[in-house]
Amino acid sequence: MRRNTGRLLRGIALLSAVALGATACGGSDDDSTGEAVSASDVQAALEKGGTVTVWSWEPTLKSVAADFQKKYPKVKINLVSERSGDKHYTALSNAMSAEKGVPDVAQIEYFAVNQYALGKGLTDLASFGADKLADKYTPGPWNAVTQDKAVYGLPMDSGPMAMFYNKRIFDKYDIAVPATWDEYVDAARKLHKADPKVYIANDAGDAGFTTSMLWQAGSRPYKVDGTNVKIDFSDAKAKQYTDTWQKLIDEKLVAPVNGWTDEWYKGLGDGTIATLTTGAWMPANFVSGVPNAAGDWRAAPMPVWAKGDKSSAENGGSSLTLPALGKNKELAYAFVEYANSGEGVGTRVGEGAFPATKAELQSADFQSTKFEYLGGQEANKIFAESAANVASDWSYLPFQQYANSIFNDTVGKAYVSGTTLADGLKTWQDASVKYAEEQGFTVEK
Amino acid sequence: MTTLQPPAATGPRQAPPAARRDRRSWTGWGFIGPFVAVFALVFLAPIVYSIYLSLFRDQLIGGTTFVGLDNYQQAFQDERFWAALGRVTLFLCVQVPIMLGIALLAALALDSGRLYGKSFFRITIFLPYAVPAVVATLMWGFMYGTKYGLVGDINGAFGVTLPDPLSPDLVLASIGNIVTWEFVGYNMLIFYSALRVIPNSLYEAAEIDGAGQLRVITAIKLPAIRGALVIATIFSIIGSFQLFNEPNILRPLARNALTTDYTPNFYTYSLSFNGQQHNYSATVAIIMGLITMVIAYVVQLRGMRKGA
């Protein structure tokens, strides 16, 4: 239940324009779908009109849908936004297997796109010319929605990672902001020594965070090629992560608090959780969830594994897809394209969404946006830099949703017992392999 | 009212015998029909459908295939399922006797007539049952918090370090505490109402024979409410085996302790909604249902035999 709330909040993360004082960026150029055939088909469909059902909890889509309907008065966008996260996927999977009530457009988070694409549940948008849009998007999100030449959705937002830190606490104990993970461990020790109530971070086992950390470290535990998968957490880069993080766990330097709980918000507010390494969508959540700490927090680049290295990773983010069983494909694509590549992007960024499109990320307006909550910091510069440094060859499992659901059963043991993180990852690997085999995948050992 | 008027009352008499027989048989169905329809729809159909589901396997790669009893074979070898069953069995053996014992004590105390402010106690003990399980669990979850909850406050105020109630070792006991708190009142009420119907003459006879209170309890009260005890035990067995709400709601606070296979019901839920393993989930549910039925039936047989 709470998990859904967390997801929901993460989704809502992107709402917040006014509070952030973000200024709307100039809308991108008037897009054409590129392909002569498709474009005219789409145009004809738009003139003919119809209804498009969209399942998405992205709050900024409301304005986009209104604008779209204004532009094409014959088209009606039926936005269904009550469900998010797990509930959303359950409903979507149910509709797909019942072959009834499938929406024309569905929001799917990056980690789950593979899963739906594999089940032949999604339309390949390359036939609409979506493959030509590759250069518009930053590499992480684009990679997440494509497989070989197929394009299964258009990126809606992204979560390049950054480290948020509580400047008040760091200043109070005169600790330098860590730039590498080794410095991070040192800072954790100093902070906790200075005040035993203060932890450098909260971590009670979060699949999304751990996979993002592995991503940044350069580990590639998942290799997916159609129905062949390889799951292996034993590479040197993964070890680099587990060795370092194990120190934090062993020395009890991370607070055993789960994200999106009351304890978590309190910890972020009163300074007992001093840093938070997460996606660039976080500021909006700070504003809504931790209003009492306004001005305390700042953004900094995510710590790296070696000085001079700039690698980053993504955390969160979603795309809009066209379920294969949806109707009105031309209209649906027109809407998705409008929202995630066309004029809609400007509207959504104006309302606080963190874009996945290069043009918006690089625009001067966007980069110079001052975050009042972060003490007037121009944090988007850091986020955009991070987005440019996300390694693009990461892939999630075609059943990541399930794998994440058993993360705490396996890796979670490392947080509450003598099991090590590395052993926990091995157990996670074994359980994932077992599921993969049960589900008919060919698992490479 | 109109049916009482002569024309209507004489109506059937004018009808030919054959038609009357027809009408009679249909009337019977008319009474039982709504029940049969609802019973079939909400009780039989889901069970039949679950059994049907349990004979198939749906894979992400390869789709749905008929596998006969393979799922059952898998379930019997499934460590996660047996571990979950073991956990609720332990829960059953420890929590249920404690809960029923407290409930019985409370009921006897209320019935003794020596308690001042009887209705106040009765309503106070019963009150937790009126709190929805979800709310109760959230409330207890907050109290269990070692950072900002009651446990944390006690630690801070007295300078002690209480063990974390949500740690893997203690979380089952913590759930037991919540369930006991919730259901003592409910069970007490069952016992109390059974005690109230014992005829007064038995007590008078006991008094004449010079029996003490303890003797009255063991010789009159307990035998008289044996039926109620058996019923409460069966309810508690079913409740223990179906444990789901409490672990599900506490889970965000203790993800590492409350695994997705913590109780059999939670396991079927996870199989179905996280793993899309609906078929296997149905299998586990059916096996669990059968086990519950068998144990509840055995308890009923034994309980009743003693009573006879």
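The values are calculated or read from the model by the stated rules, or taken from the named source; none is laboratory data. The structure presented is a predicted model; accordingly, all values stated were derived computationally and were not measured. Don't worry about glycine lacking a Cβ; one is built from the backbone with ideal geometry, like all the others, and counts go over all protein chains shown.
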*Is it the case that some residue within segment A:148-169 is within 14 Å of chain B (Cβ to nearest Cβ), surrounded by fewer than 21 Cβ atoms within 10 Å (Cβ to Cβ) and in a loop (DSSP other than H, G, I, E, B)?*
no
_Can you tell me which of (1) surrounded by fewer than 17 Cβ atoms within 10 Å (Cβ to Cβ); (2) assigned to a strand (DSSP E or B); (3) at pLDDT 95 or above is the one A:THR277 doesn't meet?_
(1)
*With segment A:38-143 as the region, which strands (runs of 3 or more DSSP E) entirely inside it contain at least 1 residues that are free of Cβ contacts under 8 Å to residues at least 60 places away in the same chain?*
A:50-55, A:75-80
*For segment A:155-163, indicate whether the set of residues that are over 22 Å from A:LYS358 (Cβ atoms) and of a type outside the set (Lys, Arg) is non-empty.*
yes
*Of all residues making up segment B:42-97, the number that are under 27 Å from the mean Cα position of the chain (by Cα), part of a helix (DSSP H, G or I) and of a type in the set (Asp, Glu)*: 1
*Determine whether A:ASP186 is part of a helix (DSSP H, G or I), among the acidic types (Asp, Glu) and closer than 22 Å to A:ALA359 by Cβ.*
no
*How many of the residues in segment A:201-214 are in a helix (DSSP H, G or I) and at pLDDT 95 or above?*
6
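Yes or no, residue by residue, for (1) closer than 28 Å to B:LEU166 by Cα; (2) among the β-branched types (Val, Ile, Thr); (3) within 14 Å of another protein chain (Cβ to nearest Cβ); (4) more than 18 Å from the chain's Cα centre (by Cα):
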| residue | (1), (2), (3), (4) |
| --- | --- |
| A:MET213 | yes, no, no, no |
| A:ARG220 | no, no, no, no |
| A:LYS252 | yes, no, yes, yes |
| A:THR261 | yes, yes, yes, yes |
| A:ASP270 | yes, no, yes, yes |
| A:TRP281 | no, no, no, no |
| A:ASN285 | yes, no, no, no |
*Among A:ASP243, A:ASP235, A:ASP206, A:ASP250, which is the only one that is crowded, with 21+ Cβ neighbours inside 10 Å, assigned by TED's automatic domain parsing to the domain that holds A:ASP174 and either without any contact (Cβ under 8 Å) to a residue 12 or more places away in the chain or not hydroxyl-bearing (Ser, Thr, Tyr) (or both)?*
A:ASP206
*Sort out which residues of segment B:203-262 are surrounded by 20 or more Cβ atoms within 10 Å (Cβ to Cβ) and in a loop (DSSP other than H, G, I, E, B), and write them in order of number.*
B:ILE225, B:LEU243, B:ALA254, B:ARG255, B:ASN256, B:ALA257, B:LEU258, B:THR259, B:THR260, B:ASP261, B:TYR262
_Extreme residue, farthest from the chain's Cα centre (by Cα), among residues of segment A:404-427 that are buried (at least 18 other Cβ atoms within 10 Å of the Cβ) and within 8 Å of chain B (Cβ to nearest Cβ)_ = A:VAL416
_Quick check on segment A:370-400: of everything there that is surrounded by fewer than 24 Cβ atoms within 10 Å (Cβ to Cβ) and polar (S, T, N, Q), which residue is nearest to A:ALA436 (Cα to Cα)?_
A:GLN400
*Any residue in segment B:272-299 that's in a helix (DSSP H, G or I): show its pairings with residues that are buried (at least 21 other Cβ atoms within 10 Å of the Cβ) and of a type in the set (D, E, K, R) at Cβ separation under 9 Å, as long as the two are six or more apart or on different chains.*
B:ASN279/B:ARG57; B:TYR280/B:ARG57
